[in-house]
Amino acid sequence: MSTSKIANMASSRHTPTDNPESFTAMQGDLDAIGAHCQMEYCHKLDLLPFKCMSCKSVFCLDHRSETAHQCLREGAWATEQRLRAMSQTPSMAPARPADERKCAEPECRSQTSRSLTTGVHCGTCNRQYCLKHRMQEDHNCKNLIPIGARPTNPLQAQRERGRLAFARLKTWAEEKRKQEFERHKEKKGVFGFATKVSAASVAREKLAEMNALKKAAKGEASIPQDKRIYLNVEASADTTKAKFPTGKFFYNKEWTVGRVLDVAAKALQVENVNNRSDKEEDKLRVFHVEGGRLLKFSEKIGAPCANGNMIVLLRGVGDGEPDLIDL
């Protein structure tokens, strides 16, 4: 083998730069790896330094904690994390267990559905209540919109209020007649005949009530005394609004119920659109308490009513069905 070939072989064996795939050359100095601790009087080179998230400086293993390097912004990073978590969470209060539901009455703090305090579900308003507020009158059920219920048509709601008010008035009228009967029954003697004393006391009582009504009643002065009928008038708070809910008035016995209604609505300052609207839910009607029925607009007030009776103004009590108007 020639001398030149041997020289070339030796040169290729001892000059690694001619074969770049054989190894990777280190770039830069060894001191460029890692970082020096920024703690005063330390400055130790750490290949895996720790960064303080509060002051943003780097430290060695020994001085990595905020206490160890006496961080000038100690606790800043923890505070930022806590505020960020609070802004992303609606409430930091722990979730209430499913078996510890609160009573649906706003001012009540009682828990329901526990083993010792069982709640009661109201099927009308679809809410859960404690034993104290389980009755509908105790949690104002009639004024609550049932949970999950569809929006109610205003016309249907007005009509339903009218029907309920009419039903309550009929019940109240029946109770009043029953109480009046029982009151007169107590005045009777042992053998079922009214004594002179009891008859006189009843007459005096009725006379006193009538005198008080006549003294307080208001009406047109032009109505003759023998034509006047004295009535207690009231506007139903369930179906209409009135500035003066009740009053004592006298009318002409020959007037129709429709005319009496117009005068009474004006006196109590109740909106009356009977002559402007054909909708039954807008119309006012007259309920005769003692008779227990709605009066027709065309009949004369003196026929069904007597002195001392009560009439009530109702709105939207029906569509004019015979079972309501012609009772």
### Query
Label-point separation (nm) for Lys296 and Ser222, each offset 7 Å from Cα along Cα-to-Cβ?
2.8 nm
## Note on the structure
Two pseudo-spin positions, 7 Å from Cα along C-beta at Arg101 and at Ala208, lie apart in nanometres by 5.5 nm
### Message
Multiplying the sequence separation of Asn309 and Gln81 by 0.36 nm and subtracting their Cα-Cα distance, what value in nm do you get?
### Response
74.4 nm
### Of Lys142/Lys283; Lys206/Lys241; Lys206/Lys283; Lys241/Lys296, those spanning more than 25 Å from alpha-carbon to alpha-carbon
Lys206/Lys241; Lys206/Lys283
### Query
Under unit Cβ charges (Lys, Arg +1; Asp, Glu -1), what dipole magnitude, rounded to 20 debye, does the stretch 252-318 have relative to its Cα centre?
100 debye
### Message
Please list, ordered by chain and number, the residues whose modelled amide H lies under 5 Å from the amide H of Ser110; skip anything fewer than 5 residues away on the same chain.
### Response
Cys103
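Every read-out reported here was derived from the displayed coordinates using simple, explicitly stated rules and does not represent laboratory data. Just so it is clear, the model here is predicted, and its values are computed rather than measured. Using ideal geometry, Cβ is built from the backbone for each residue, glycine included, and neighbour counts are taken over all protein chains shown.
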